[in-house]
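The values are calculated or read from the model by the stated rules, or taken from the named source; none is laboratory data. Predicted model only: the values in this text are computed from it and were never measured. For neighbour counting, all protein chains shown are included, and Cβ atoms are generated from backbone atoms with ideal geometry for every residue, glycine included. The area values use the complete protein model at the heavy-atom level, side chains included, leaving out ligands, DNA and RNA. Shrake-Rupley method; radii C 1.70, N 1.55, O 1.52, S 1.80 Å.
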Amino acid sequence: MQEENYFSWDNFSELADLNNHISYASKLLEAYDWSDEAFEKLSRRLQRIKDKQKDKLLNLSVIGEFSTGKSSFINSILRHDLLVSSVLQGTTVANTSIEYSEKYFVGLEMLDGVEIEHEFDNIENLHHCIEEYTTKPETARRLHLVHVGLPSENLRRGMRLIDTPGTNALEQWHEDVTKNAIMEWSDLSVILVDATKPLPDSFCNFIESNLSGILHRCVFVVTKFDLLEPRERDGMLIYIRNKVQKMTDRDDCLVLPFVSTEVINSFKPGFIKQSDPELLQLSLENEETIFAHMAKHRLQAIAHKLTKLTSNMYEDIGRQIETINDKYERELQMLERSQQTDLRQFVEEQKIKRVSDYELMIAAERPLITKDLYIFPVIAKIAIWERIDTIEDVDGMKTYIKNVLPLDCQQLANEQFSKAPSLNVIANNCFEKALKLFHADFEQQFNHLKILKINLQTEVSLPDISSFRNVNMNGVTQFVDEEGMKENISSWGGAATGAVVGNFILPVIGGIVGGILGYLWGFGKKNNIAQVRNQLKDKLSVALDNYFHAVPSQILDSFDEYTIAVSNNIPSEIDRYLDAYKAIVDKRIVQQRNSRTKIEEKVQRLRRDQHDIFNRKHSLDSVAMRISQLTTS
């Protein structure tokens, strides 16, 4: 059939100036710093326009509810028993694109991007492959599209058939696949109407939602016409035409009866005798009417698709440019507002609040710290007793008191002092929590003032960890010296002599060593070892208590000094943070003002492009309207 030259491709190209639009859109994509998502979306849309411009085939989708005879209709058009017709609902669950090819082939586009192609020697093997992939949900769910190549003379007329899933399938995703085919590929559609249950409301709603713009150029094909009684056929056609006219608000839509089984039987090998030659002839005549109608609207439909795609692309570009423009304007306004905003009162209030927060947090931690520290004197004295209990004679005690006791006491104290820096970690954590509260309030103030948020990567300033002074043993020495005075002459003399020796050997703690040694020389001669040990513990107990209790006191004093130093750092840290914020704002404003000329040129270009896009879109809309109003006679 020769296509009528009522509307040429050259005339459309000149009218729509598509090459100019494509070139302009490409330049816009290169001119701006798009987000990755926006750039990908716009590039994909532009590529679709380019692909459609090169592809002059009419994408004819076949749409119908389940069991309307869709597969049979397509088989009859192709003159090949290609697609399976199943009694199971929703068998075809992927779009199938069928176009002319000298060879039998199938190409599979998987959802994960994998593409598979097969060539076949005959239609039977091709048919089996398509059935395998399109009728089994476990494989069809992995498919994006099935391409089929077929040596069909009807396809040579410039059509590509798109078989879609039924719109009333059990699973919603079948209908979604059909909607996607209409939006992405279809130029025109053959809409199948089951003569036995014509145009239910659900199907009418689907058609109006997805085909409203091109319904006047679609063909409504009434299938299963042979299942009606002859006397019912004319009345059913009138009923369907009236319903289509009401749905499309037009009286020129084609509504044609078609009996696929008669056509299929006519081309099968062996030629099965037709049960109704008149229906076969009617179907063949209506098939030619369908092709003639599609030929008239072919370029019109492709032109409409291209103008729609281009217009949509301009809408996307315009929105993206507006977003870029708004972002710049908002940033400059917030920078200037940030510079003008006086935050002094807010900052002074924050200093008072955050110091108070810090002190409350330290006060909550201090009882736990004190409790842990004052367990130490008990544990330390028990450790000394355990070491004394292991000594079996007076000479051993003399050696322990003279050489080891001072070292043991000092070691136990040093072990406790070594744990003290961990208390500073507690103070540091409280400091950081107080500053986080300040940061949170500062950001909230930004939201309230609607000024620029700036992320400052700053290191917190903290005092050095304080050193802890070792506790000396002078108190213990004095106590032992005094106790030695109360002993008998032998003991007192020994104690005095020992003290002199001890002070000579160990100036800091020699008093305690000498006193206890003197005691042992005098008193140890007159008592057994158990008595000596008990008496020794009695003499040492108070002195060791005083000594070991001095350790936690010293640690707490140092901790308190450190917390005060940290607390004093909170206001200065807030000032430092605010100074850094102001410095960044001032720097960015200077940068913006120094480049004001370039910025103004950028805004002017944005506005020119937006204005140009508006005019181009308006022009394309006008072209689309003129195309839709062309006569088809």
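Subtract the Cα-Cα distance of Gln444 and Asp252 from 0.36 nm times their separation in residues, and report this length gain in nm to one decimal. Each step should come with its number before you reach the end.
Values: separation 192, 0.36 × 192 = 69.12 nm, distance 6.40 nm.
Residue separation times 0.36 nm, minus the Cα-Cα distance, leaves 62.7 nm.
State which entries of Lys419/Lys539; Lys381/Lys419; Lys52/Lys103; Lys351/Lys582; Lys27/Lys52 exceed 27 angstrom in Cα-Cα distance in the structure shown.
Check vs 27 Å cut-off fails for Lys419/Lys539.
To the nearest 10 square angstrom, how much accessible area does Arg319 have with a 1.4 angstrom probe?
130 Å²
Return the carbon/sulfur percentage of the accessible area of segment 212-283, one whole number, probe 1.4 Å, all protein chains in place.
51 percent
Label points 7 Å out from Cα along the Cβ direction at Lys197 and Lys353: separation in nm?
6.7 nm
Report the gain in length on full extension from Asp121 to Asp389: 0.36 nm times residue separation, minus Cα-Cα distance, nm rounded to one decimal.
Going from the current span to full extension adds 86.2 nm.
Which sequence of Tyr100, Tyr32 reflects their accessible areas, 1.4 Å probe, from the largest down? Present the calculation step by step, with values, prior to reporting the outcome.
Values: Tyr100 65, Tyr32 15 Å².
Sorted descending by solvent-accessible area, the residues read Tyr100, Tyr32.
At a 1.4 Å probe radius, which order do Lys402, Lys436 fall into by accessible area, largest first?
Of Lys402, Lys436, the descending order of accessible area is Lys436, Lys402.
Among Ile555, Ile352, what's the order by accessible area (1.4 angstrom probe), most exposed first?
From most exposed to least exposed: Ile352, Ile555.
Quick one: compute a quarter of the convex hull surface over the Cα atoms of segment 204-248 and quote it in nm².
Value for segment 204-248: 3.4 nm².
What is the sum of charges around Val378, taking Lys and Arg as +1, Asp and Glu as -1, for the other residues whose C-beta is under 14 Å from the C-beta of Val378? Write out the running numbers ahead of the final one.
Details: positive: Lys371, Lys381; negative: Asp372, Glu386, Asp545.
Net charge around Val378: -1.
What is the sum of charges around Ile388, taking Lys and Arg as +1, Asp and Glu as -1, for the other residues whose C-beta is under 15 Å from the C-beta of Ile388? Walk me through the numbers on the way to the answer.
Numbers: positive: Lys381, Arg387, Lys398, Lys402, Arg533, Lys537, Lys539; negative: Glu386, Asp389, Glu392, Asp393, Asp395, Asp408, Asp538.
Charge balance near Ile388 sits at 0.
Where in segment 340-434 are there GluC sites (Glu not before Pro) that are in a DSSP coil and have at most 16 other Cβ atoms within 10 angstrom of their Cβ?
Qualifying residues, ordered by number: Glu392.
Among residues other than Gln610 whose Cβ falls under 12 Å from its Cβ, what is the net charge (Lys/Arg +1, Asp/Glu -1)?
For residues surrounding Gln610, the net value is +1.
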